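Peer 1: I have a structure here, written as structure tokens, and I will follow up with some questions on it.
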Amino acid sequence: MFNVAVIGDGGWGTTLAIHLERKGFKVQIWGAFADYVSYVDKKRVNTRFLPGIKIPKGIAMTHDLKEALSGKQLIILAVPSQYTRGVLKKIKGFSSPKDRIYLNVTKGIEVGTLKSMSEVICDELGRVRLAVLSGPTIAHEVAKGIPTTAVIASRDRRIRKLLQGVFNTARMRIYTNSDVTGVELGGSLKNIIAIAAGISDGLGFGTNTKAAILSRGLAEISRLGYAMGAKKETFSGISGLGDLVTTCISPYSRNRFVGEQIGKGKSLKQINARMSMVAEGVPTTRSAYALSLQYKVDMPILREVYKVLYKNKSPLSAVEDLMTRENKEE
């Protein structure tokens, strides 16, 4: 049995800690803010990020990163993408056993470097035993034991098979995949399409519009992924289509919520002021737009979301420009 550290006390990190504690693993959660860690430890509810879900007493909480890492064989990295590198720089200051496994569960692309989270991890920690977990995994649903599927990807077959056994339960079915690039990109890029779906909701459009956004959005994700070396079939699976559908329709989706508020006329600044959680699709839109230019991949939905978020383009103008583009075959 592994001793597990979850680095990041957000909703998803807390959910995975609860999931593994239920299976009998010894788990400790690390959070960046001492006061909030102490509050959650006493309250046993992560009221900011996972309200209404009790945290078992067997899960330890700490603000001390050295303590969190000490004696742990599995490190789950659940820090927002734009803060991941900074946390990793601190982690590499402590000794790391050779058999330790790092599992990234964050869905994002680093702004500036345009690197995936696994690439950022390798930049900072070197050649470690590494895997990623992704899929349609709304934290509240997993925490409540609602049947869920996810994918664990690693280039090392032994690692992905091992972690499949660690996470698999009667209510959470885990598949494995060797396509780390595809799994990470699917989990990251779908957040951008979810913003577009939310904008559609905010504008009062219907299911026809959302179906168009999902299907054409998946085509864009697949094109960029293939250009970057991923397998096309990965994007029709759980970490591609599955995650895309969930994020575009769930009332718990932060990215869909951001888009909906934009469609209703709110500014990004106003929306961010109301949110305690990070909507990864907002910075990922900037990174993905740069990648689309770098790889010369046409991504019209991405391009319009980028212009709405960062160039003050009106959502209705973005819709009109998407609908009146040059005619083409599917």
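Peer 1: Any chance segment 77-97 includes a residue that's within 22 Å of the chain's Cα centre (by Cα), at pLDDT 95 or above and at positive phi?
Peer 2: No, segment 77-97 has no match at all.
Peer 1: Continuing with this model, one more query. Residues being of a type in the set (Ser, Thr, Tyr) and not in a helix (DSSP H, G or I): count how many of those fall in segment 41-84.
Peer 2: 3
Peer 1: Looking at segment 180-197, is at least one residue small (Gly, Ala, Ser) and surrounded by fewer than 16 Cβ atoms within 10 Å (Cβ to Cβ)?
Peer 2: Scanning segment 180-197, I find no residue that is small (Gly, Ala, Ser) and surrounded by fewer than 16 Cβ atoms within 10 Å (Cβ to Cβ), so the answer is no.
Peer 1: Which of (1) farther than 17 Å from Asn191 by Cβ; (2) in contact with a Lys or Arg (Cβ under 7 Å, 6 or more places away or on another chain); (3) not aromatic (Phe, Trp, Tyr) is the odd one out, the single condition Thr247 does not satisfy?
Peer 2: (1)
Peer 1: Considering only segment 24-37, state which residues are farther than 13 Å from Gly10 by Cα and either surrounded by 15 or more Cβ atoms within 10 Å (Cβ to Cβ) or not assigned by TED's automatic domain parsing to the domain that holds Gly58 (or both).
Peer 2: Matches in segment 24-37: Phe25, Lys26, Val27, Gln28.
Peer 1: State whether one or more residues within segment 223-232 are of a type in the set (Phe, Trp, Tyr) and either surrounded by fewer than 22 Cβ atoms within 10 Å (Cβ to Cβ) or farther than 21 Å from Ser154 by Cβ (or both).
Peer 2: Scanning segment 223-232 turns up at least one residue that is of a type in the set (Phe, Trp, Tyr) and either surrounded by fewer than 22 Cβ atoms within 10 Å (Cβ to Cβ) or farther than 21 Å from Ser154 by Cβ (or both).
Peer 1: (1) of a type in the set (D, E, K, R); (2) in a loop (DSSP other than H, G, I, E, B); (3) over 26 Å from Asn255 (Cα atoms): which one isn't true of Lys107, the others all being true?
Peer 2: With (1) of a type in the set (D, E, K, R); (2) in a loop (DSSP other than H, G, I, E, B); (3) over 26 Å from Asn255 (Cα atoms) applied to Lys107, the lone miss is (3).
Peer 1: For segment 137-166, name all the residues that are in contact (Cβ under 8 Å) with a residue 60 or more places away in the chain and among the aliphatic types (A, V, I, L, M).
Peer 2: Correct list: Ile138, Ala139, Val142, Ala143, Ala150, Val151, Ala153, Leu162, Leu163, Val166.
Peer 1: Can you name the helices (runs of 4 or more DSSP H) wholly within segment 268-330 that have at least 2 residues being farther than 16 Å from Ile221 by Cβ and touching a residue at least 40 places away in the same chain (Cβ under 8 Å)?
Peer 2: In segment 268-330, the matching helices (runs of 4 or more DSSP H) lie at 281-294, 300-310, 315-323.
The values are calculated or read from the model by the stated rules, or taken from the named source; none is laboratory data. Everything numeric in this text was worked out from a predicted model, so none of it was measured. Note: ideal-geometry Cβ built from the backbone for every residue, glycine included; neighbour counts use all protein chains shown.
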